[in-house]
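What follows is calculated from the coordinates using simple rules that are stated; it is not laboratory data. A quick note: this is a predicted structure, and the numbers were derived from the prediction, not measured. Every residue, glycine among them, receives a Cβ derived from its backbone with ideal geometry; neighbour counts consider all protein chains shown.
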Amino acid sequence: METKSIILELRNKHEMSQDELAEKVFVTRQAVSRWENGDTVPNTETLKLLSQLFDVSINTLLGSPRKLVCQCCGMPLEDAMISKETDGSFNESYCKWCYADGNYTYHDMDDLINVCVKHMAGQGFTEEQAREYMKDMLPNLSYWKDHKELEDGGAFEKFKQQLIDEFNALNIKNMPKVEKLNALVGAYVNIAYPMPNGSVVKLLDDNATYLGNQLESELGDGHCFGILANADFLMVASYGKDGAEPELLLYKKR
Ligand SMILES: [Zn+2]
């Protein structure tokens, strides 16, 4: 679709008149009319405003001339998956899992590969095939090419180590020492836990990224501990094989 039809369609979808749209993006009604006739295309600044107003990417407004791919994980991007800056504008280089609130989620390619192969395995790939594919593809993406410049002076690694120390200070019975935390997408670890009052609750945001790990109980009885954290909380759960009978052991605000 061309920009003229896209703007018209979005304006109709949002039930705005040409006048109303013009006022929202600081142009004249005639300018809107010229866009919709295909005489002109909005300038870069106006495209940014339209993108925020309609919550679609600039790429979409321009008729999708580029096939957007997350420059960190390689995922093809639709508007709903594109990351945003803290001011709400789209960052069309990354998916919302790899970049959120001005921060990059992954600083270690192996961490990212470990997260991705779990999602890809079972979708026609074996875990090994998925791993090979990722190892091949990721170094060609700009995030990993430029990674040296994006490093945050070790602040993220320090934060991770701080969380590891806090987990170890909890001294949870039969839980081995935490050595490492991986980035995990909320949707894949958002387990429903039964509460003492009989209700069942989910505590996480499916779209957020957390740091966590799974540790086998020192008793060797097949039970596992699932640990999860972000800047706000620490959480420890235990469960049996394949996540059976999950039990929330601790949820602590930081
Ligand atoms: Zn990504």
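Here are the numbers for this structure:
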| item | result |
| --- | --- |
| Cβ-Cβ under 7 Å pairs, at least 6 apart or on other chains, the stretch 190-201 side of a type in the set (S, T, N, Q), far side in a loop (DSSP other than H, G, I, E, B) | Asn190/Lys202; Asn190/Leu204; Asn190/Asp206 |
| Count of residues meeting criterion [surrounded by fewer than 18 Cβ atoms within 10 Å (Cβ to Cβ) and near the ligand (Cβ under 10 Å from one of its atoms)] in the stretch 77-103 | 1 |
| Extreme residue, farthest from Ala208 (Cα to Cα), among residues of the stretch 69-96 that are in contact with a Ser or Thr (Cβ under 6 Å, 6 or more places away or on another chain) and in a loop (DSSP other than H, G, I, E, B) | Gln71 |
| Matching residues, the stretch 232-254, being among the hydroxyl-bearing types (Ser, Thr, Tyr) and touching a residue at least 24 places away in the same chain (Cβ under 8 Å) | Tyr239, Tyr251 |
| Every residue from the stretch 47-68 that is hydroxyl-bearing (Ser, Thr, Tyr) and in a loop (DSSP other than H, G, I, E, B) | Ser57, Ser64 |
| Long-range neighbours under 9 Å by Cβ, at least six apart or interchain, first residue under 14 Å from Phe54 (Cα atoms) and touching a residue at least 12 places away in the same chain (Cβ under 8 Å) within the stretch 1-23, second surrounded by 17 or more Cβ atoms within 10 Å (Cβ to Cβ) and polar (S, T, N, Q) | Ile6/Thr60; Arg11/Gln18 |
| Residue that is farthest from the chain's Cα centre (by Cα), among those in the stretch 1-41 that are polar (S, T, N, Q) and surrounded by fewer than 16 Cβ atoms within 10 Å (Cβ to Cβ) | Gln30 |
| Residue within the stretch 184-196 that is touching a Phe, Trp or Tyr at 6+ places or on another chain (Cβ under 8 Å) and over 27 Å from Asn103 (Cβ atoms) present | no |
